[in-house]
Structure formats: structure tokens, C-alpha cells
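The structure under discussion appears below in the form of C-alpha cells.
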Amino acid sequence: MKDILYIVVPCYNEEEVLPETSKSLGEKLKNLIDKDVINPKSRVLFVNDGSKDSTWKIIENLNKENEFFVGISLSRNRGHQNALLAGLEVAIEYADVTISIDADLQDDINAIDEMLSKYYDGCDVVYGVRSSRKKDSFFKRFTAECFYRFMKWLGVDTIFNHADYRLMSKKAVLGLKEFSEVNLFLRGMVPLVGFKSDEVYYERDKRFAGKSKYPFRKMLSFAIEGITSLSTKPIRYITLLGFLIFGISIGMLIYFLIRWAIGATVVGWASVACSVWAIGGLIMLALGVIGEYIGKIYLETKARPRFLIDKKLLDIKFDDI
Ligand code: UDP
Ligand code: MG
């Protein structure tokens with residue numbers, strides 16, 4: 001008997017793309033079942049992340065019309081990462097293997113076949129990697145590449161050009177579940193889980209309908225989240241900067257003492273004013289970075305649930321009966 005696959009799709013205000021997406025994913029699933037690659041009990045699991053439009057209505061209808069489609073609805077909007085984790089945690093109660101993909105199908109669903117073949121070859125995690133970003137806007141491409149490089153420089157192990165399109169076996173998702181952090185940055189956490197992994201390459205397409213749910217503000221906060229959740233190096237660099245500036249000020253002191261000794265008077269106050277502002281600014285920056293980490297600690301100690309499920313449209317399990 002082949003393994004059960006659950007394709008997890010987080011959806012936030014995706015009414016414009018869901019009809020098309022469900023059609024493509026439904027066909028893909030049927031095709032894989034017909035080819036006997038996956039178990040007929042495989043499903044597409046939509047996670048409604050507190051959408052304000054008719055997304056949940058559409059999911060309910062899909063569920064009524066076709067047994068391939070199941071869904072859960074979160075109690076409110078919790079963001080892409082939390083929605084994804086909610087989907088994965090629910091999915092492994094039913095599935096042997098999961099694949100996460102965005103609702104806009106910017107990621108090529110034909111990579112699923114190769115992912116599954118790698119899974120059957122013994123991989124627990126298969127990352128979908130974009131072979132090029134030609135179809136993304138210049139701005140998105142530029143900021144994303146800078147971000148990945150910056151993360152690498154900070155010593156965070158992320159897969160270059162991999163978003164959240166990936167296959168994870170039940171074992172890997174159970175491993176991920178053990179990570180109890182509230183500040184989620186899944187693409188940085190999955191490499192920490194480990195297990196045998198591989199990559200699959202594909203071309204990324206444009207969003208075919210609707211707007212990106214990641215405006216610049218959200219992208220920036222996601223990037224800060226990623227950095228501060230996985231690396232404490234910024235704090236170390238601030239310490240180094242502090243040392244450097246202290247060193248410079250000692251040097252300056254010695255220089256001025258010598259000038260005083262040889263009788264040259266110090267002229268102008270501009271240099272003093274500038275350094276006061278510079279040091280003041282750096283101190284504030286340092287406090288800001290440290291504050292960011294303290295904020296994280298504050299949130300982690302509260303240990304709030306990462307998501308709450310409001311409604312479920314799922315198959316009946318044996319232990320439910
Ligand atoms: N998404 C979500 N909750 C949010 C924001 C986004 O579940 O608060 C989902 C969204 O529906 C989509 C995926 O996350 O399936 C990626 O979003 P999008 O395609 O807008 O991001 P982009 O491709 O522009 O980075
Ligand atoms: Mg997208």
C-alpha cells in the first residue's frame with residue numbers, strides 16, 4: 001500500500017485563486033493516485049488563516065463536492081508560518097507525508113512527482129528550490145537575495161531560494177513539533193530538524209490572480225523575525241562595535257592630551273557635537289536590537305498557543321469513532 005500524502009495549503013483572503021488552485025491540485029492528486037504513487041486516502045488540506053473574504057465558504061463547498069478536499073479554519077489571522085504549522089500538525093494525524101505549498105501556485109506543482117520519488121528513496125525532507133527568480137519583480141528579487149545572503153553571514157542555515165514549498169515526512173513534522181518556540185521561521189527551523197534531505201528545482205511563476213499577501217511591511221517584519229529567532233550574532237556585533245568605538249575614543253583622548261602638552265589649542269565644537277550624536281545613535285541602535293531579543297524572550301515565556309483551530313472539515317479517524 002502506498003503512503004498517504006497531504007498537501008497543506010495556507011490561505012489568507014484567497015477567494016480569487018482558490019477555484020483554479022483547487023482544480024489544479026485536485027487533478028494532480030488524482031493523477032498521482034491513478035499512477036499508484038500515493039494512497040487513495042491522500043488529500044489537499046486547506047488552512048483558512050482567518051480570511052475576511054469568502055475563502056472558508058469556498059473551502060466548505062469544495063469539501064462537499066469532492067472528497068479530496070479537506071480544511072481547517074483558524075480562530076483568527078495568525079500569519080503564514082503559524083497557518084502552515086497548524087496544517088502540518090493536523091495533517092500528520094492522517095498522513096505519512098506532507099507537502100506544503102502556497103495557495104497562489106507560484107510554485108510549480110509538477111515538482112511534486114520528483115519530491116515524492118526522493119521521499120520513496122528515503123528522504124525525510126525535500127526542499128523545493130527556485131532555479132531562477134526571473135518572474136519576480138526586481139524589488140522582491142533584490143530584497144530576497146540580500147536577505148538570504150545576510151542570513152548566511154549571520155550563520156543561519158537556510159536553503160538559498162527556498163520558500164515554504166517542501167515535502168516533509170511524518171517523522172520530520174513530528175521533529176518540528178518538538179520545537180516549541182512561538183516565534184516561527186519555518187524555513188530556518190526545518191534544517192535544524194535534520195534527517196536525510198534533498199532539493200528539487202523548479203521555475204517560479206507569477207501570482208496568477210489576487211495580490212501578494214506579503215506587502216513590504218510584512219516582508220520586513222518576517223525578515224527581522226527570521227534573524228532574531230535564529231541568530232544572536234547581532235548582539236555580538238554590537239559588543240564588538242562598542243569595543244571599537246571605545247578604542248577610538250581612547251585614541252582620541254591620547255591625541256588631544258599630546259596636543260595639549262605641546263600647547264596647540266583645540267578649536268571648534270563640531271567634532272564634539274558630531275561624536276555625541278553618533279554615539280547617541282549607536283547606543284539607541286544597540287538598545288533597539290537588544291530590546292528585540294528581550295521582546296522575543298517575553299513572548300516565548302508566555303508560551304501562548306501558536307494557533308487555535310475553530311472549525312474542521314476532515315476525514316473520520318478510527319479513534320474518533
Ligand atoms: N498567507 C497566510 N496568512 C497570512 C499571509 C499569507 O496564510 O497572513 C498565505 C497566502 O494565502 C499564500 C501564502 O501564505 O498561500 C503566501 O503568500 P503570498 O503568495 O501572498 O506571498 P508572496 O508569494 O508574495 O511572498
Ligand atoms: Mg505568492
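The values are calculated or read from the model by the stated rules, or taken from the named source; none is laboratory data. Remember, it's a predicted structure, so these values are computed and weren't measured experimentally. Glycine also receives a Cβ, built like all others from the backbone with ideal geometry; neighbour counts cover every protein chain displayed. SASA here: full protein model, heavy atoms, side chains in, ligands and nucleic acids out. Shrake-Rupley method; radii C 1.70, N 1.55, O 1.52, S 1.80 Å.
Restricting to region 140-160, and then to whatever is under 15 Å from S197 (Cβ atoms) and not acidic (D, E), can you tell me which residue is most open to solvent (accessible area, probe 1.4 Å)? Step by step, filter region 140-160, then rank; the result is F160. Could you tell me whether I33 is among the β-branched types (V, I, T), free of Cβ contacts under 8 Å to residues at least 40 places away in the same chain and more than 15 Å from ligand 1 (Cβ to nearest atom)? The answer is yes for I33.
Taking region 184-223 as the range and being assigned to a helix (DSSP H, G or I), within 16 Å of ligand 1 (Cβ to nearest atom) and open to solvent by 70 Å² or more (accessible area, probe 1.4 Å) as the test, the residues that pass are F216, R217, L220.
Among what's in region 103-128 and is within 15 Å of ligand 1 (Cβ to nearest atom) and in contact with a strand residue (DSSP E or B) (Cβ under 8 Å, 6 or more places away or on another chain), pick the residue that is nearest to G194 (Cα to Cα).
Initial filter on region 103-128 (within 15 Å of ligand 1 (Cβ to nearest atom)): 103-109, 128.
Then drop every residue that is not in contact with a strand residue (DSSP E or B) (Cβ under 8 Å, 6 or more places away or on another chain), which leaves 103, 107-108, 128.
Numbers: A103: 27, D107: 24, D108: 25, G128: 16 Å.
Per the criteria, the residue is G128.
Does region 161-177 include one or more residues that are assigned to a loop (DSSP other than H, G, I, E, B) and either touching a Cys at 6+ places or on another chain (Cβ under 7 Å) or surrounded by fewer than 21 Cβ atoms within 10 Å (Cβ to Cβ) (or both)? Checked against the condition, which is being assigned to a loop (DSSP other than H, G, I, E, B) and either touching a Cys at 6+ places or on another chain (Cβ under 7 Å) or surrounded by fewer than 21 Cβ atoms within 10 Å (Cβ to Cβ) (or both), region 161-177 yields at least one hit.
Comparison of I38, I59 shows that the only residue that is more than 25 Å from the chain's Cα centre (by Cα) and either farther than 22 Å from E14 by Cβ or not in a strand (DSSP E or B) (or both) is I38.
Just one residue in the set K23, K64 is part of a helix (DSSP H, G or I) and over 27 Å from the mean Cα position of the chain (by Cα); that residue is K64. On inspection, G122 fails the criterion of being open to solvent by 20 Å² or more (accessible area, probe 1.4 Å), within 25 Å of S229 (Cα to Cα) and over 15 Å from the mean Cα position of the chain (by Cα).
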